[in-house]
Amino acid sequence: MSTTIRVLIVDDHPIVRDGLRAAFNAAPDIEVAGEAADGAQAVRLAGELAVDVVLMDLRMPEMDGVQAIRRLRTSAPEIRVLVLTTFDSDSDVLPAIEAGATGYLLKDAPTDELLRAVRASHRGETVLATSVAGLLVGQVRKPARGGLSPRELQVLRLVADGATNREAAARLFISEASIKTHLLHVYAKLDVRDRASAVAEAYRRGLLD
């Protein structure tokens, strides 16, 4: 006997919810169990309706999608969450994946792709839009953020105290070229472009007192 996948559609635009419901009506193994217009409603209805997969938008009033995903991971970890949104920037993708989303699709995905993604999410498989997968690969290939070496921290502390490259080199008994190299590594690890931004980001992350 085939299993019917119970889906909760979460989006603050009624026309989007209507379109998704129509798409799922054509699939014999998928049932739309309910709809929610924000994250708070989604968390409440997901438990009440005993859904299998939540199709989650991200930017919504009251409670956004990332907050709702975190709540669901705590209250109903067996429910799979598949993000369906317009946005694929790292500021949207990374928090959603870290919060516990099973997959991430964009709203321009064809209906067949969406149906396959819901079925895959129900099986516990990860489903990612091509652009999202590329973004995640790029993040993995970046130098580890915040993992500054002791020498890099020494250089950054001197820079934070106002030292020039020449002054820092003299204090540490190394060349100015070495100072520049250390700073380039610091910029890459902190994902910044200049000295001032590096110092500000280091303070924000608690790397400098």
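Give me a count of the residues in the stretch 96-121 that are among the hydroxyl-bearing types (Ser, Thr, Tyr) and open to solvent by 60 Å² or more (accessible area, probe 1.4 Å).
Of the residues in that region, 1 qualify.
What's the number of the condition GLU48 fails, among (1) open to solvent by 80 Å² or more (accessible area, probe 1.4 Å); (2) in contact with a helix residue (DSSP H, G or I) (Cβ under 6 Å, 6 or more places away or on another chain); (3) not hydrophobic (A, V, I, L, M, F, W, C)?
Unmet condition: (2).
Say we look at the stretch 189-202 and pick out the residues that are in contact (Cβ under 8 Å) with a residue 12 or more places away in the chain and open to solvent by 50 Å² or more (accessible area, probe 1.4 Å); which of these is farthest from GLY147 (Cα to Cα)?
Selected residue: ARG195.
When only residues in the stretch 6-29 that are open to solvent by 10 Å² or more (accessible area, probe 1.4 Å) and among the hydrophobic types (A, V, I, L, M, F, W, C) count, which is modelled with the lowest pLDDT?
ALA26
Determine which member of the set ASP88, ASP112, ASP108 is farther than 26 Å from GLY206 by Cβ and at pLDDT below 90.
ASP88
For MET60, indicate whether it is buried (at least 20 other Cβ atoms within 10 Å of the Cβ) and either over 15 Å from VAL81 (Cβ atoms) or at pLDDT below 95 (or both).
In short, yes.
How many of the residues in the stretch 115-149 are assigned to a helix (DSSP H, G or I) and either at positive phi or at pLDDT below 90 (or both)?
12
In the stretch 70-95, what residues are closer than 29 Å to ASP191 by Cα, touching a Leu at 6+ places or on another chain (Cβ under 9 Å) and either free of Cβ contacts under 8 Å to residues at least 40 places away in the same chain or open to solvent by 10 Å² or more (accessible area, probe 1.4 Å) (or both)?
Those that are closer than 29 Å to ASP191 by Cα, touching a Leu at 6+ places or on another chain (Cβ under 9 Å) and either free of Cβ contacts under 8 Å to residues at least 40 places away in the same chain or open to solvent by 10 Å² or more (accessible area, probe 1.4 Å) (or both): VAL83, LEU84, THR85, THR86, PHE87, ASP88, SER89, ASP90, ASP92, LEU94, PRO95.
When you scan the stretch 151-174, do you find a residue that is modelled with pLDDT under 90 and either touching a Gly at 6+ places or on another chain (Cβ under 9 Å) or outside any helix (DSSP H, G or I) (or both), even just one?
Looking through the stretch 151-174, none of the residues is modelled with pLDDT under 90 and either touching a Gly at 6+ places or on another chain (Cβ under 9 Å) or outside any helix (DSSP H, G or I) (or both).
The values are calculated or read from the model by the stated rules, or taken from the named source; none is laboratory data. Being a predicted model, the structure only gives us computed values, none of them experimental. Cβ atoms come from the backbone with ideal geometry, glycine included; neighbour counts cover every protein chain shown. The protein model used for the area step is the full one, side chains on, heavy atoms only, and it has no ligands, DNA or RNA in it. Shrake-Rupley method; radii C 1.70, N 1.55, O 1.52, S 1.80 Å.
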